[in-house]
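The values are calculated or read from the model by the stated rules, or taken from the named source; none is laboratory data. Since the structure is predicted, the reported quantities are computational estimates derived from the model, not experimental observations. With ideal geometry, Cβ positions are generated from the backbone for all residues, glycine too; neighbour counts draw on all protein chains shown.
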Amino acid sequence: MPRGDKSTYTDKQKRKAEHIEEGYEHRGVRKKEAERRAWATVNKESGGGNKSGSGRGVKDTKVAAKKGGRIGGPRGGKAAARRPAASRSAAAKKAAATRKRHSATRSTAAKKAAATRKRNAAARARTATKRSTKKATKRAKKN
């Protein structure tokens, strides 16, 4: 089978590639480049041709569909795209500050938890020592 042969692809895969290609062309990508990207996307999602005898049985992924050059992040919708860049930037900075603040809080909490674990371990060790001392004292009294 020569390179570029699409005979092992299902009709659905061919339709999907055509649709993706049209989307790229609509965005201004050259015809040949759009076709290359479309088939790369189909291959990434479905793992190649799915007609019988061409290694069927692998589930499709949606990775390529969730990716893309969208404003407002990979899952950002039209609302994010309508907002001015300054507004998106301010929101991103605010989110980063919140994450930083929470990570500092978490690290303090983690330190407290570690100290508590250390105290509890020491208390268990003291209790174990007392028990072993009591047992030794009882044995000594019996003898």
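Among the residues of segment 26-50, those identified as over 27 Å from the mean Cα position of the chain (by Cα) and surrounded by fewer than 15 Cβ atoms within 10 Å (Cβ to Cβ) are His26, Arg27, Gly28, Arg30, Lys31, Lys32, Glu33.
Of all residues in segment 9-43, those being free of Cβ contacts under 8 Å to residues at least 12 places away in the same chain, within 21 Å of Lys62 (Cβ to Cβ) and not in a helix (DSSP H, G or I) number 1.
Can you find a residue that is in a helix (DSSP H, G or I) and at pLDDT below 80 anywhere in segment 46-61? Checked against the condition, which is being in a helix (DSSP H, G or I) and at pLDDT below 80, segment 46-61 yields no hits at all.
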